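I have placed the structure first, in the form of structure tokens, so that the comments after it can refer back to it.
The values are calculated or read from the model by the stated rules, or taken from the named source; none is laboratory data. Values in this document were obtained by computation on a predicted structure and should not be read as measured data. Using ideal geometry, Cβ is built from the backbone for each residue, glycine included, and neighbour counts are taken over all protein chains shown.
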């Protein structure tokens, strides 16, 4: 499996994502944002960070980087794309995922561990988990408040596109454990086709025991498993 980790000016989690994919045996390379060749790529990671300094709004400028035309075409052809934190914001700006990420309800940057419940175990990104499992992973964002208009939100829910939700440590809904005010406690969604995942928490920062949690490793294991040839 060959993974391209896109690096934008201001990205700061590209090396973390690269390392996570290497841990699960993927042939991983960095792809500078000016490059456009994805011909030898099986999956794409849009990492976290502050692309273009989050000027204008998070992800709005990165959406127009040369690489994104190739990423959009890759995704629309069914290629798997994972966007984490700023990557999620870029996916929304590029129209690959519905909705947008607003300023945190607290108006403060939040960086700490959160708990998210796996809502689906049948996506290319969650095969290693059981539905209902609660993961402990970190966040680090100022604009993680997921928002969509009422019709879009209803459609997302009806079609089962919500993959992760913020919960308390036992998996129960609790406003006190919603770190940014996201609608319906949404922490991650997939596209209608199921091949594009955007999530605000950072699974790549929870892949080794030194991180105090390895709960995020399953995201990367799942994607590698989903791309294995069928015997």
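Show me the strands (runs of 3 or more DSSP E) entirely contained within region 87-151 in which 3 or more residues are modelled with pLDDT of 95 or more and surrounded by 19 or more Cβ atoms within 10 Å (Cβ to Cβ). Walk me through it before giving the result.
On the way: elements: 100-102, 110-118, 134-141, 145-147.
Passing ranges, in order: 110-118, 134-141.
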Check: Out of all the residues in region 185-203, which are part of a helix (DSSP H, G or I) and either without any contact (Cβ under 8 Å) to a residue 12 or more places away in the chain or surrounded by fewer than 24 Cβ atoms within 10 Å (Cβ to Cβ) (or both)?
Finding: 185
Checklist line | Matching residues, region 152-162, being surrounded by fewer than 20 Cβ atoms within 10 Å (Cβ to Cβ), on the phi < 0 side of the Ramachandran plot and in a loop (DSSP other than H, G, I, E, B) | finding: 159
Notebook entry, point to check: Condition test on residue 206, is it under 19 Å from the mean Cα position of the chain (by Cα), closer than 18 Å to residue 20 by Cβ and surrounded by 14 or more Cβ atoms within 10 Å (Cβ to Cβ)?
Noted result: yes
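Could we say that residue 53 is touching a strand residue (DSSP E or B) at 6+ places or on another chain (Cβ under 6 Å), surrounded by fewer than 19 Cβ atoms within 10 Å (Cβ to Cβ) and at positive phi here?
no
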Note to self: Which of the numbered conditions does residue 15 fail, given that it passes all the others? Conditions: (1) at negative phi; (2) modelled with pLDDT under 95.
What the structure shows: (2)
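Just to be sure, is residue 220 assigned to a strand (DSSP E or B) and crowded, with 22+ Cβ neighbours inside 10 Å? Show your work before the answer.
Working: assigned to a strand (DSSP E or B): no; crowded, with 22+ Cβ neighbours inside 10 Å: yes.
No: the conditions fail for residue 220.
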Check: Quick one: which of 75, 70 is in contact (Cβ under 8 Å) with a residue 40 or more places away in the chain and either assigned to a helix (DSSP H, G or I) or out of contact with any strand residue (DSSP E or B) (no Cβ under 7 Å at 6 or more places or on another chain) (or both)?
Finding: 75
